[in-house]
Amino acid sequence: MPLDLILLGPPGAGKGTQAKILSQRLGIPHVASGDLFREHLRQRTALGQLARQYMERGELVPDAVTIQMIRGRLEQEDCRQGVILDGFPRTPAQAKALDELLTGMGRSLTAVFYIQIRDEFLIRRLAGRWTCQVCGAVYHVEFNPPRVPGRCDLDEGPLYQREDDTEEIQRRRIQVYHEQTAPLVWFYRERGLLVEIEGERSVPEVTEAMIRAIQLQRAADP
Ligand code: ADP
Ligand code: AMP
């Protein structure tokens, strides 16, 4: 059975950081809706033009286009053994669409990792975030600095700060998370899929907690 995982949590919780590591360790792709939108922005596609106005304000891109974009990605060959979803779903409508999408493929979610972290930690994490322009690896000036300042450890690509990582937009994104995405915690808890992860721990500790949860799940449902 494919391993279909969701990483759920506020902006700055560590979803992208963990998704990259898990993707390496588990051999399944990391599918991040935010990364897909940023790629559309770079390529100047019509979808990118549409998404820009929402992203610049820290608002959510409308469900219909977001769902369509993710559907296209999940139908690609490399997702057949499973995916690690990061930043999707973000609304109840997206969660329901994902259920239908996976059901249509004869699949169902393995687990939803809910990365718990207090709001006061988020701004500090987002403000210090630097991302590799080449491979998307995520660093933090203080908590996870690259070996050479401004350069990626993996491919020496230049590091950049995201345009929506200004404090004003960060605060809006956190607010939008509480209003529109946090209800998914109950949605998945009711379905018995939610695994709570202590997100204030170190990067390797969070990874190990997730790997342990996957092993337990596999042992229970091989
Ligand atoms: P998200 O994808 O949830 O928005 P990121 O993975 O981009 O979050 O992480 C946000 C910032 O916090 C990055 O700069 C990252 O290096 C840092 N970070 C991620 N996980 C941890 C952690 N467990 N402890 C300290 N800093 C972390
Ligand atoms: P992220 O990279 O996950 O922090 O997302 C960056 C921005 O992309 C968000 O602030 C939204 O504007 C947009 N976005 C990403 N994922 C979604 C989604 N699932 N639904 C709607 N908008 C999204």
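For segment 102-222, what is the Kirkwood hydrodynamic radius in Å, using each pair of distinct C-alpha atoms?
Evaluated on segment 102-222, it is 16.8 Å.
With a 1.4 Å probe and all protein chains left in place, how much accessible area per residue does the chain have, in Å²? Intermediate results must be reported in sequence, preceding the final value.
Values: 11720 Å² over 222 residues.
With the other protein chains kept in place, the chain gives 53 Å² per residue.
Could you give the alpha-carbon Rg of the chain over 2.2 N^0.38 Å, rounded to two decimals?
Cα Rg divided by the expected 2.2 N^0.38 Å: 0.97.
On the accessible surface of the chain, probed at 1.4 Å, how many percent belong to carbon and sulfur atoms?
Solvent-exposed carbon and sulfur of the chain make up 50 percent of the total.
Each label point is 7 Å from the Cα along the Cα-to-Cβ direction; what then is the distance between the points at residue 116 and residue 134, in nm?
It works out to 4.0 nm between the two label points.
Tabulate in residue order the Karplus-calculated ³J(HN,Hα) for segment 137-146, using 6.51 cos²θ - 1.76 cosθ + 1.60 with θ = phi - 60°, rounded to whole Hz; enter x for Gly and Pro.
Once θ is set to phi - 60°, the couplings for segment 137-146 become 4, 10, 10, 9, 3, 10, 8, 8, x, x Hz.
Let's see if you can work this out: charge +1 on each Lys and Arg Cβ, -1 on each Asp and Glu Cβ, no other charges. What is the dipole magnitude of the chain about its Cα centre, in debye to the nearest 20?
Roughly 140 debye, rounded to the nearest 20.
What percent do you get for the relative contact order of segment 3-220 when only Cα pairs under 8 Å and 6+ apart count?
29
What are the ³J(HN,Hα) values, in whole Hz, obtained from phi via the Karplus relation 6.51 cos²θ - 1.76 cosθ + 1.60 with θ = phi - 60°, for each residue of segment 93-107 in sequence order, with x given for Gly and Pro?
Calculated HN-Hα couplings, in order: 5, 5, 5, 5, 5, 5, 3, 5, 4, 5, 4, x, 9, x, 10 Hz.
Can you find, among 128, 204, 146, the residue farthest towards the positive end of the dipole of segment 113-222? Put +1 on the C-beta of Lys and Arg, -1 on that of Asp and Glu.
Looking along the dipole axis, the top candidate is 204.
With label points built 7 Å along Cα→Cβ from the Cα atoms of residue 39 and residue 196, find their separation and express it in nm.
3.5
For the chain, what is the calculated [θ] at 222 nm in deg cm²/dmol (nearest 500), taking -39500 (n - 2.57) for each run of four or more DSSP H residues and dividing by its residue count?
Calculated from helices alone, the mean residue ellipticity at 222 nm is -14000 deg cm²/dmol.
What ³J(HN,Hα) values, in whole Hz, does the Karplus curve 6.51 cos²θ - 1.76 cosθ + 1.60 give for segment 8-13 when θ = phi - 60°, with x put for Gly and Pro?
After applying 6.51 cos²θ - 1.76 cosθ + 1.60, I find 10, x, x, x, x, 5 Hz.
The values are calculated or read from the model by the stated rules, or taken from the named source; none is laboratory data. Computed from a predicted model, the values in this text were never measured in an experiment. Because the Cβ atoms are built from the backbone with ideal geometry, glycine has one as well, and the counts that use them run over all protein chains shown. Ligands, DNA and RNA are excluded from the accessible area calculation, which covers all protein heavy atoms including side chains. Shrake-Rupley method; radii C 1.70, N 1.55, O 1.52, S 1.80 Å.
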